[in-house]
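The values are calculated or read from the model by the stated rules, or taken from the named source; none is laboratory data. Source: prediction; values computed, not measured. Ideal geometry is used to build each Cβ from the backbone, glycine not excepted, and the neighbour counts take in all protein chains shown.
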């Protein structure tokens with residue numbers, strides 16, 4: 001039974017191996033077609049990657065000359081960041097501003113007296129108003145810490161509370177407004193008012209506000225000259241050469257008080273006429289009268305010289321017109337008032353200048369300007385609705401900044417409407433002037449150029465790998481990962497001799513070496529420190545001939561500093577004045593790459609052709625597969641029939657052998 005076999009299933013002739021060997025030969029055309037398909041698919045992948053590299057370079061190129069190019073970015077550099085900082089947008093102009101931060105904007109911050117740790121807050125409707133916004137807290141009563149938590153949850157961006165443990169048994173309650181500016185005063189009302197009074201947050205005000213009369217000008221330092229004053233209840237006008245004072249009924253201690261002055265330094269069309277000059281004159285000769293007859297004396301025959309009028313006085317401009325008068329009668333000069341621009345509100349912190357205040361002096365030394373006062377008020381800025389903070393940590397105040405000698409007032413420390421395109425952040429007041437320089441963002445331009453060169457070199461590396469079967473190319477590239485290196489090893493020289501790659505390489509190198517027109521003459525990228533390393537010294541080195549670019553950062557920094565516009569125009573320039581960029585290295589690269597990567601471009605046609613090849617190869621392989629299946633089935637059938645026939649022959653031979661043995 002050891003020779004038992006089933007034809008087509010098992011075979012003592014090993015027909016299955018014979019069939020497999022025959023099928024290997026039959027599969028050779030199919031395997032060759034599959035290998036060709038693999039190569040064509042790899043080529044498609046390579047061209048798709050090439051398209052991505054070209055697109056990346058095109059985007060980087062466009063970023064150097066488009067409307068959003070980094071050369072239009074601006075940066076604001078402060079000479080003292082501890083006083084102010086600033087940010088600039090593309091809309092900012094290149095300029096330098098001199099800024100002095102006289103005062104930063106602040107918010108009200110009230111501190112209570114020391115309170116026992118177990119102090120309770122009564123139930124009630126607590127209202128805290130900051131400017132025009134109010135926080136209403138309906139509180140059911142509880143501890144100080146519970147009240148602080150409830151107010152903070154309700155306060156949002158308007159008001160905030162804090163409880164400070166000053167000792168183990170005493171607490172201090174601090175309530176502060178979260179909005180700066182003198183118009184955003186913190187007001188406690190309803191149950192909050194009672195809480196403020198009981199805890200020492202606020203106290204009744206002293207009603208120290210005083211309005212100085214405009215219709216009763218007094219002597220300042222010289223006798224009043226009514227011909228150089230115009231006064232009424234609506235205001236006081238001091239003409240050129242005049243002076244006057246407006247005084248309080250009684251001096252006030254200046255601690256905590258400010259003087260608010262509405263003033264205008266207005267230009268006159270002409271100066272006041274000068275006082276007529278005095279010269280020699282001949283008195284009348286007299287007359288005699290007798291019995292009603294009057295006889296006049298003959299006029300004098302003396303001849304007087306002609307009187308020459310005095311020359312007009314020279315023009316005098318002075319912005320120092322205000323003087324604080326203290327309780328002793330001493331006058332202290334106040335800051336200058338900017339001429340022109342209508343009425344201005346000048347706020348003077350009185351305690352900075354004197355211990356007491358008795359009035360305000362006005363002296364107009366100008367020859368072509370009038371000093372107009374609308375109102376003068378002395379008041380306590382912390383007093384609101386009849387109350388003032390008892391322990392004020394900070395008081396609501398506007399920011400005061402002098403820019404190029406012009407005083408500006410804002411309610412916030414973030415000022416975005418003073419210099420177009422610039423946002424200024426005030427940090428602290430300072431007597432020193434800070435220089436704020438708005439200039440091109442050279443670092444952004446440098447980063448964009450470096451990115452551009454990096455993408456250019458990455459594309460050139462791709463071209464070199466595909467067009468040359470030289471492993472040294474991969475060894476020169478240090479930034480490849482292990483996986484990338486393995487991938488590119490399979491691609492070395494894959495497209496060697498391809499005319500499209502050669503054209504890309506040649507055109508890239510030509511564009512980067514060409515001179516370009518700018519508003520300051522012809523420019524080369526080498527002037528920016530951008531050049532191929534093939535120009536470096538030393539002996540022969542094949543790596544210098546790959547077409548890669550190098551950047552000399554020292555030269556690039558110098559070019560961006562000294563020739564910023566020329567550097568910008570080297571990448572994109574409107575040579576014919578039609579407001580459309582038409583030359584420059586980046587512009588030319590964009591034009592070159594556009595022809596390859598746009599819809600219907602060169603790479604699209606290439607990939608379309610390759611896709612057609614892939615489709616044909618797949619169909620060819622499918623046909624091979626069908627033919628191989630049929631061939632294998634046919635071989636199995638034929639070898640099965642052969643085995644069956646051989647089996648029958650063997651059976652017949654065995655029968656004859658048995659018959660012969662029986663007849664012996």
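Descriptive notes on the structure:
- Among the residues of segment 250-264, those identified as part of a strand (DSSP E or B) and crowded, with 18+ Cβ neighbours inside 10 Å are 251, 258, 259, 261, 263, 264.
- Of the candidates 21, 31, 118, 113, the single residue that is without any contact (Cβ under 8 Å) to a residue 60 or more places away in the chain, closer than 30 Å to residue 174 by Cα and surrounded by fewer than 19 Cβ atoms within 10 Å (Cβ to Cβ) is 118.
- Just one of the numbered conditions (1) assigned to a helix (DSSP H, G or I); (2) at pLDDT 90 or above; (3) surrounded by fewer than 14 Cβ atoms within 10 Å (Cβ to Cβ) is not true of residue 168: (1).
- Applying a threshold of 8 Å to beta carbon distances and a minimum spacing of six or more residues, or different chains, the list of pairs starting in segment 520-534 at a residue that is assigned by TED's automatic domain parsing to the domain that holds residue 555 and loosely packed, with under 14 Cβ neighbours inside 10 Å and ending at one that is modelled with pLDDT of 90 or more and in a strand (DSSP E or B) reads 522/516.
- From the options 449, 438, residue that is buried (at least 16 other Cβ atoms within 10 Å of the Cβ) and assigned to a helix (DSSP H, G or I): 449
- Residue 86 touching a strand residue (DSSP E or B) at 6+ places or on another chain (Cβ under 6 Å), at negative phi and part of a loop (DSSP other than H, G, I, E, B): no
- Restricting 501, 494, 418 to those that are more than 41 Å from the chain's Cα centre (by Cα) and part of a loop (DSSP other than H, G, I, E, B) reduces the list to 494.
- Condition broken by residue 90, with the remaining ones in (1) at pLDDT 95 or above; (2) in contact with a helix residue (DSSP H, G or I) (Cβ under 9 Å, 6 or more places away or on another chain) satisfied: (1)
- Residue 566 vs. criteria modelled with pLDDT of 85 or more and touching a strand residue (DSSP E or B) at 6+ places or on another chain (Cβ under 6 Å): yes
- Residues that are more than 38 Å from the chain's Cα centre (by Cα) and surrounded by fewer than 18 Cβ atoms within 10 Å (Cβ to Cβ), drawn from segment 138-163: 138, 140, 141, 142, 143, 145, 146
- Among the residues making up segment 101-133, those that are under 32 Å from the mean Cα position of the chain (by Cα) and more than 19 Å from residue 160 (Cα to Cα) are 101, 102, 103, 104.
Residue-by-condition table, conditions (1) free of Cβ contacts under 8 Å to residues at least 24 places away in the same chain; (2) in the same structural domain as residue 174 (by TED's automatic domain parsing); (3) surrounded by fewer than 16 Cβ atoms within 10 Å (Cβ to Cβ); (4) under 28 Å from residue 109 (Cβ atoms):
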position	(1), (2), (3), (4)
330	no, no, yes, no
337	no, no, no, no
396	no, no, no, yes
411	no, no, no, yes
419	no, no, no, no
422	no, no, no, no
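- Number of residues in segment 226-238 that are more than 48 Å from the chain's Cα centre (by Cα) and touching a residue at least 24 places away in the same chain (Cβ under 8 Å) equals 1.
- Test for residue 80: is it closer than 30 Å to residue 203 by Cβ, in contact (Cβ under 8 Å) with a residue 40 or more places away in the chain, part of a loop (DSSP other than H, G, I, E, B) and outside the structural domain of residue 503 (by TED's automatic domain parsing): no
- Matching residues in segment 371-389 - criterion: being outside any strand (DSSP E or B) and touching a strand residue (DSSP E or B) at 6+ places or on another chain (Cβ under 7 Å): 380, 381, 382, 385, 386
- Qualifying residue in segment 590-605 (condition: assigned to a helix (DSSP H, G or I), in contact with a helix residue (DSSP H, G or I) (Cβ under 9 Å, 6 or more places away or on another chain) and either over 20 Å from residue 508 (Cα atoms) or at pLDDT below 85 (or both)): no
- Hey, residue 302 at pLDDT below 80 and over 54 Å from the mean Cα position of the chain (by Cα) or not: yes
- Hits in segment 359-370 - residues which are surrounded by fewer than 20 Cβ atoms within 10 Å (Cβ to Cβ) and touching a strand residue (DSSP E or B) at 6+ places or on another chain (Cβ under 9 Å): 365, 368, 370
- Residues located in segment 327-363, provided they are closer than 24 Å to residue 382 by Cα and assigned to a strand (DSSP E or B): 344, 345, 346, 347, 348, 349, 356, 357, 358, 359, 360
- Of the criteria (1) surrounded by fewer than 11 Cβ atoms within 10 Å (Cβ to Cβ); (2) in contact (Cβ under 8 Å) with a residue 24 or more places away in the chain; (3) assigned to a strand (DSSP E or B), which one residue 324 fails: (1)
Quick grid of which residues meet (1) closer than 18 Å to residue 589 by Cβ; (2) in contact with a strand residue (DSSP E or B) (Cβ under 6 Å, 6 or more places away or on another chain); (3) modelled with pLDDT of 95 or more:
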residue	(1), (2), (3)
415	no, yes, yes
426	no, yes, yes
434	no, yes, yes
437	no, yes, yes
460	yes, no, no
470	no, no, no
474	no, no, no
